Amino acid sequence: MLMTITEKILAAHAGRDRVSPGDLIEAKVDVALANDITAPLAIKVFGEIGVEKVFDIDRVVLVADHFVPNKDIASAQQVKLVREFAREQGLTNYFEGGESGVEHVILPEKGLVLPGQLIIGADSHTCTYGALGAFSTGVGSTDLGAVMATGEIWLKVPPTILLRYEGTLRPHVGGKDLILHTIGLLGVEGALYCAMEFSGSVIRKLPMHQRFTMSNMAIEAGGKNGIIEADETTLGYLAERTSARFEIFRSDPDAHYDRVIDIDVSGIEPQVAFPHLPSNVRPVSEAGDVPIDQVVIGSCTNGWLEDLRDAARVLKGRKASPGLRLIVMPGSPLIYKTAMQEGILETFLEAGAVIGPPCCGPCLGGHMGILASGERAVATTNRNFIGRMGHPESEVYLANPLVAAASAVLGRIGGPDEL
Amino acid sequence: MEKMRVEGRIWKFGDDVDTDVIIPARYLNVSDEAELAKNCFADIRPGFATDVAAGDILVAGKNFGCGSSREHAPLAIKAAGIRVIIAESFARIFYRNAFNIGLPLLESVEASLGLSDGDKAVVDLAAGMIEGAGGVFPARPIPDFMAQLIAAGGLVEYVREVKIGR
């Protein structure tokens, strides 16, 4: 029976030879993840289920990253609850303070997520790890609480949409633009309940961090997961981070796909998603004159070291527009340190940036960069819903790090070519 | 199933209602559902949280509950008093979350188009029939497994009974 990579991983974790779209399966979970917002509810559920210990102390990963450093008393109470649970249970992977960063940057960086695994996280952007050739999807706290107790989850096998990217990328265009373009094409519910499989020669040449960016935003098209087969690039990335063994799955050449979409990338410009949906995309050249008040560079979408290097290349020797707030949030302490050693942080400081700690902060309107009414931000993040970054009458425009950096200098939405 | 028949006022919303507007992130520093309910739809429909009554019905368009996985969203809606959500379609994490906490969802394009804000409606969950001022509308049957979850009272009870055998 021919299967896609998603079907093969699900079958392997359900102890079955084959699965088909629509099948309801009970699958073994390799990694279960939650953060400081979703873990407290999951811990409550875990308590209600009534088992003593989590299914595996090495496989339940808790990361404090959303409202940390604790933004108020209530947040501090939530993190305290998570910390105490992690200690009681003896979890080997609890991250807080100087060991913590954005969860979806931290887990790959520490080699905790691997090809062929089944990863479940109480965070919608858990789909990020699909970039490693894993089945990885987001759930809510109750599901996660049940996974912590049983090590298993019920899943419906999704139909797969195959997206094939061919052609030659234009300057300043990368994974962020490809995924924004794709979401624009499909719409925010275009891949609802579906697996998205990214393939083609363009993906094979894409560096690891840009693959993470693409898988990260599969959820913004409604996708269940966004998967990329592991290859030499993946193995090279993992070799520097882990010696753990893993299995590589690939789609059968004649596997059945619900839809196959061919995308010629040659004509794609840097993309900007206008308020208030990630699907509301335009080429940067058609953005018009949109003055902005803030630029945010970071998040689980674009908080990678290479993203900071991109932004620094644009900002080198330049200043953020007067009155504009430029906020840079490295994705992890290691990225922060490396950026410091490479002189990138100095470039940001000289450009007038505020450099924040590795956390989710402003992306979800948590803290460290909230917008007032009428204010506009260009952000390298993943969502531009109403009120996402602050006041319900503020606006968020999503873009890649090069466009975000250029926009900071211009004081309006624009690309590096305009500098 | 907790209650098979729901009768109440309709609160109508549009397409692509995301979990950030259902419960903005600034209110996620608590997990208490009564607290969450106070701020349900605070930004796009101020007054909802105070005016909604137990037993009311939420009707929406496509892709209801898209975005963040925050279970605080269906919890806030449920704790506010809504007993069933009817929409053209639901985002998948929200769909799981709602059934997991025992909040039933019905998919019906006809009802989504035909029901109006402020009207009364009667919903028969078992039969998947919705009756409002604009007529009687069929919904897609609730899948067997999801019906089991609702019958058990949610995923916690289901896992306790079926998986752990308590």
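The values are calculated or read from the model by the stated rules, or taken from the named source; none is laboratory data. Predicted model only: the values in this text are computed from it and were never measured. So basically every Cβ, Gly included, is an ideal-geometry build from the backbone, and we count neighbours across all protein chains shown.
Just the residues that are hydrophobic (A, V, I, L, M, F, W, C) and closer than 18 Å to A:Ala27 by Cβ, please, taken from segment B:148-165. If you could, list the steps in order and put the result at the bottom.
Step one: list which residues in segment B:148-165 are hydrophobic (A, V, I, L, M, F, W, C), which gives B:149-152, B:155-156, B:159, B:162, B:164.
Those that are hydrophobic (A, V, I, L, M, F, W, C) and closer than 18 Å to A:Ala27 by Cβ: B:Leu149, B:Leu155, B:Val159, B:Val162, B:Ile164.
Is it the case, given these coordinates, that A:Glu52 is surrounded by fewer than 18 Cβ atoms within 10 Å (Cβ to Cβ), assigned to a strand (DSSP E or B) and within 14 Å of chain B (Cβ to nearest Cβ)? Steps first, please.
Numbers: surrounded by fewer than 18 Cβ atoms within 10 Å (Cβ to Cβ): yes; assigned to a strand (DSSP E or B): no; within 14 Å of chain B (Cβ to nearest Cβ): yes.
Taking the combined requirement at face value, the residue does not satisfy it.
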Can you name every residue in segment B:99-115 that is facing chain A (nearest Cβ under 9 Å) and in a helix (DSSP H, G or I)?
-> B:Asn100
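Assess whether A:Pro108 counts as being assigned by TED's automatic domain parsing to the domain that holds A:Gly138, surrounded by 14 or more Cβ atoms within 10 Å (Cβ to Cβ) and in contact with a Cys (Cβ under 8 Å, 6 or more places away or on another chain).
Working: assigned by TED's automatic domain parsing to the domain that holds A:Gly138: yes; surrounded by 14 or more Cβ atoms within 10 Å (Cβ to Cβ): yes; in contact with a Cys (Cβ under 8 Å, 6 or more places away or on another chain): no.
Taking the combined requirement at face value, the residue does not satisfy it.
Within segment A:250-265, is there a residue that is touching a strand residue (DSSP E or B) at 6+ places or on another chain (Cβ under 9 Å), in a loop (DSSP other than H, G, I, E, B) and crowded, with 19+ Cβ neighbours inside 10 Å? Break it down stepwise before answering.
Filtering segment A:250-265 for residues touching a strand residue (DSSP E or B) at 6+ places or on another chain (Cβ under 9 Å) gives A:251, A:255-265.
Right, trim to in a loop (DSSP other than H, G, I, E, B) and you get A:251, A:255-258.
This time we only want the ones that are crowded, with 19+ Cβ neighbours inside 10 Å, so: A:251.
Yes, the conditions are met somewhere in segment A:250-265.
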Single unsatisfied condition, A:Asp36 versus (1) of a type in the set (D, E, K, R); (2) touching a Ser or Thr at 6+ places or on another chain (Cβ under 6 Å); (3) buried (at least 18 other Cβ atoms within 10 Å of the Cβ) = (2)
A:Ile370 vs. criteria within 14 Å of another protein chain (Cβ to nearest Cβ) and β-branched (Val, Ile, Thr) | yes
Considering only residues of segment A:1-48 that are of a type in the set (Lys, Arg) and part of a loop (DSSP other than H, G, I, E, B), which is farthest from A:Ala149 (Cα to Cα)?
-> A:Arg18
Spot the failing condition for A:Met148; the list is (1) facing another protein chain (nearest Cβ under 10 Å); (2) within 30 Å of A:Pro40 (Cα to Cα); (3) not hydroxyl-bearing (Ser, Thr, Tyr); (4) not in a strand (DSSP E or B), and only one is missed.
-> (1)
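Could you tell me whether B:Arg92 is facing chain A (nearest Cβ under 10 Å), without any contact (Cβ under 8 Å) to a residue 60 or more places away in the chain, farther than 29 Å from B:Pro138 by Cβ and surrounded by 24 or more Cβ atoms within 10 Å (Cβ to Cβ)? Lay out the reasoning, then the answer.
Numbers: facing chain A (nearest Cβ under 10 Å): yes; without any contact (Cβ under 8 Å) to a residue 60 or more places away in the chain: yes; farther than 29 Å from B:Pro138 by Cβ: no; surrounded by 24 or more Cβ atoms within 10 Å (Cβ to Cβ): yes.
It is false that B:Arg92 is facing chain A (nearest Cβ under 10 Å), without any contact (Cβ under 8 Å) to a residue 60 or more places away in the chain, farther than 29 Å from B:Pro138 by Cβ and surrounded by 24 or more Cβ atoms within 10 Å (Cβ to Cβ).
Results for (1) in contact (Cβ under 8 Å) with a residue 60 or more places away in the chain; (2) touching a Phe, Trp or Tyr at 6+ places or on another chain (Cβ under 8 Å); (3) surrounded by fewer than 20 Cβ atoms within 10 Å (Cβ to Cβ); (4) part of a helix (DSSP H, G or I), shown as yes or no for each residue.
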{"position": "A:Ile219", "(1), (2), (3), (4)": "yes, no, no, yes"}
{"position": "A:Gly226", "(1), (2), (3), (4)": "yes, yes, no, no"}
{"position": "A:Gly236", "(1), (2), (3), (4)": "no, no, yes, yes"}
{"position": "A:Val272", "(1), (2), (3), (4)": "yes, yes, no, no"}
Within segment B:45-82, track down each residue that is within 13 Å of another protein chain (Cβ to nearest Cβ) and in contact with a Gly (Cβ under 8 Å, 6 or more places away or on another chain).
-> B:Ala60, B:Gly61, B:Asn63, B:Cys66, B:Ser69, B:Arg70, B:Glu71, B:Ala73, B:Pro74, B:Lys78
Out of the residues in segment B:127-166 that are exposed (fewer than 15 other Cβ atoms within 10 Å of the Cβ) and in a loop (DSSP other than H, G, I, E, B), state the one that is farthest from the other protein chains (Cβ to nearest Cβ).
-> B:Ala133
What number of residues within segment A:151-165 are within 21 Å of the chain's Cα centre (by Cα) and assigned to a loop (DSSP other than H, G, I, E, B)?
-> 1
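To keep it simple, each residue is scored yes or no on (1) out of contact with any helix residue (DSSP H, G or I) (no Cβ under 9 Å at 6 or more places or on another chain); (2) over 26 Å from B:Phe94 (Cα atoms); (3) not aromatic (Phe, Trp, Tyr).
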| position | (1), (2), (3) |
| --- | --- |
| A:Met148 | no, no, yes |
| A:Trp154 | no, no, no |
| A:Arg164 | no, yes, yes |
| A:Ile179 | no, no, yes |
| A:Gly190 | no, no, yes |
| A:Tyr193 | no, no, no |
| A:Met208 | no, yes, yes |
| A:Asn216 | no, no, yes |
| A:Gly222 | no, no, yes |
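Does A:Leu118 satisfy the criteria of being under 22 Å from A:Arg245 (Cβ atoms) and surrounded by 24 or more Cβ atoms within 10 Å (Cβ to Cβ)?
For A:Leu118, the condition - under 22 Å from A:Arg245 (Cβ atoms) and surrounded by 24 or more Cβ atoms within 10 Å (Cβ to Cβ) - is not met.
Given the criteria within 22 Å of B:Gln148 (Cα to Cα), of a type in the set (A, V, I, L, M, F, W, C) and within 12 Å of chain A (Cβ to nearest Cβ), does B:Ile85 qualify? If you could, list the steps in order and put the result at the bottom.
Values: within 22 Å of B:Gln148 (Cα to Cα): yes; of a type in the set (A, V, I, L, M, F, W, C): yes; within 12 Å of chain A (Cβ to nearest Cβ): no.
Taking the combined requirement at face value, the residue does not satisfy it.
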